[in-house]
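The values are calculated or read from the model by the stated rules, or taken from the named source; none is laboratory data. Because the structure is a prediction, the values reported are computed rather than measured. For neighbour counting, all protein chains shown are included, and Cβ atoms are generated from backbone atoms with ideal geometry for every residue, glycine included.
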Amino acid sequence: MRRPTDTGTASAAGLAPPPPGPGPGAAVATGDRIWDIGLVAIGSGVVLVAGLIVFELSRTAAPAIDSIGIVPFVTGSDWDPVSDRFGALPFLYGTVVTSAVALTLALPVSVGLALFLAEMGPAFLRRPVSFAIETLAAIPSVVYGLWGLFVLVPVLRSPVEPFLARTLGFLPLFRGPPIGLGYLAAGIVLAIMILPTIASVTLDVLRTVPLPLREGALALGATRWEMIRISVLPYARPGIVGAALLGLGRALGETMAVAMVIGNSPGIHASLFSPGYTLPAVLANEFSEATGAVHVGALAGLGLVLLGLTVLLNAAARLMLVLTTQRFMRRAAA
C-alpha cells in the first residue's frame, strides 16, 4: 500500500507544511550582500575623507577668509605676515607655470620612451632602459632638489639661459638676467621627476593595444611610423591623457625639490628666468613659523586653492579627453 507523504499527513491533520530549508544559494546571496556593502563602504570612505579634508582646511582658513575675503585672497599679490596682508596669486601663478613647463618637457619624452620600449626598441635595450626609468622613480625628491641646486642651476646660469636669451630673447619667456634659480629650473626638475610616472603608465597602455590593429595597418601598406600614428596612438590616447594627469598631479604637489631651485620669491614674472614661488613650497617653508590665526588661516587657504586647482585641471583634462575621443569616433564612423 502507498504511504502518505509528510505533506499529505500534515494537510490531513490541518497543519501547514514545514518551510523549505535554506538552499546553497542563500550563502552566495549573503556573500554578495557583504561584498556590496564593503565596496559601498570603501567608496563612501574615500568621499568622506575628501570631505573631512575640505572641512578641516575651511575651518582653519576661516579667520583669514573673514579678514581678507575670498576674491581678494585669491587675486591678491601681497604676502606680508607682519601686516596680515595675504594674497595667493603669485603662488598660484608659480605652481601653474612650473607644472606647465614640466609637462611640456616631460610628456613628449615619456611618450617617446614608451613607444621605443613597446614598438621599436631592440630587445637587448628594453630591460636597461626600463631599469633606468624605474630608478628615476625611486629617487627621493630632496635628492632631485640637491642635484638641481648644485648641478642644474649653475648650468642654466652660465651657458643655457644666456643662449636662450640671445636666440629667443624676442619672446617674454626668455628675457631677464640669467640667475639660474627660477621657473625654468623648477620646471626642468619637475619634468625629470614626473617622467618615470608618465612613461611607465604609457608603456602599460601601449601594451594593451590589440595586435590586429597593428597587423591591419601594416597589411594595408603602412610603415611602422604610420601604423603607430593611425592605429596605436589613437587607441592609447585616453591612457596617455591619464598618465599625463598622474604626472601633473605630482608636479602640482611637489614641495622640497621645487623649494630648493625656484628662488622662493613671491612675485609674478613673465620670464622663465625669474625666481618665483609655488603653493606647496610656501606651505612647507612658512607653516612651522606661522603664529597668528590669520597667518595660519592664509596658509590653510593656500591648501584649499591648491586642492581646487588640482580638481579644476583634472576636470578640464577629462573634458578635453571626452571631446577628442568623440571627435575620433566620429571620424572613424565616417
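Observations, loosely collected:
- Verdict on VAL142 being surrounded by fewer than 16 Cβ atoms within 10 Å (Cβ to Cβ), in contact with a helix residue (DSSP H, G or I) (Cβ under 6 Å, 6 or more places away or on another chain) and closer than 30 Å to PRO178 by Cβ: yes
- Selection status of ASN314, over 16 Å from ILE65 (Cα atoms), part of a helix (DSSP H, G or I) and under 13 Å from the mean Cα position of the chain (by Cα): yes
- Search result, residues across region 1-56 that are at pLDDT below 55 and either within 30 Å of the chain's Cα centre (by Cα) or not in a helix (DSSP H, G or I) (or both): MET1, ARG2, ARG3, PRO4, THR5, ALA13, GLY14, LEU15, ALA16, GLY21, PRO22, GLY23
Every residue, every condition in (1) among the hydrophobic types (A, V, I, L, M, F, W, C); (2) farther than 23 Å from LEU307 by Cα, yes or no:
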{"position": "ALA222", "(1), (2)": "yes, yes"}
{"position": "TRP225", "(1), (2)": "yes, yes"}
{"position": "GLY242", "(1), (2)": "no, no"}
{"position": "HIS269", "(1), (2)": "no, yes"}
{"position": "PRO280", "(1), (2)": "no, no"}
{"position": "GLU289", "(1), (2)": "no, no"}
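- Scanning region 106-131 for residues that are modelled with pLDDT of 90 or more, exposed (fewer than 14 other Cβ atoms within 10 Å of the Cβ) and within 18 Å of TYR235 (Cβ to Cβ) yields a single hit, GLY112.
- For ARG166, the requirement of being without any contact (Cβ under 8 Å) to a residue 40 or more places away in the chain, surrounded by 14 or more Cβ atoms within 10 Å (Cβ to Cβ), part of a helix (DSSP H, G or I) and not aromatic (Phe, Trp, Tyr) is not met.
- Subset of region 209-229 that is loosely packed, with under 13 Cβ neighbours inside 10 Å and without any contact (Cβ under 8 Å) to a residue 12 or more places away in the chain - its residue that is nearest to GLY239 (Cα to Cα): LEU211
- Selected residue (only one of LEU218, LEU213, LEU173, LEU181 is more than 14 Å from LEU103 (Cβ to Cβ), part of a helix (DSSP H, G or I), at pLDDT 90 or above and not acidic (Asp, Glu)): LEU173
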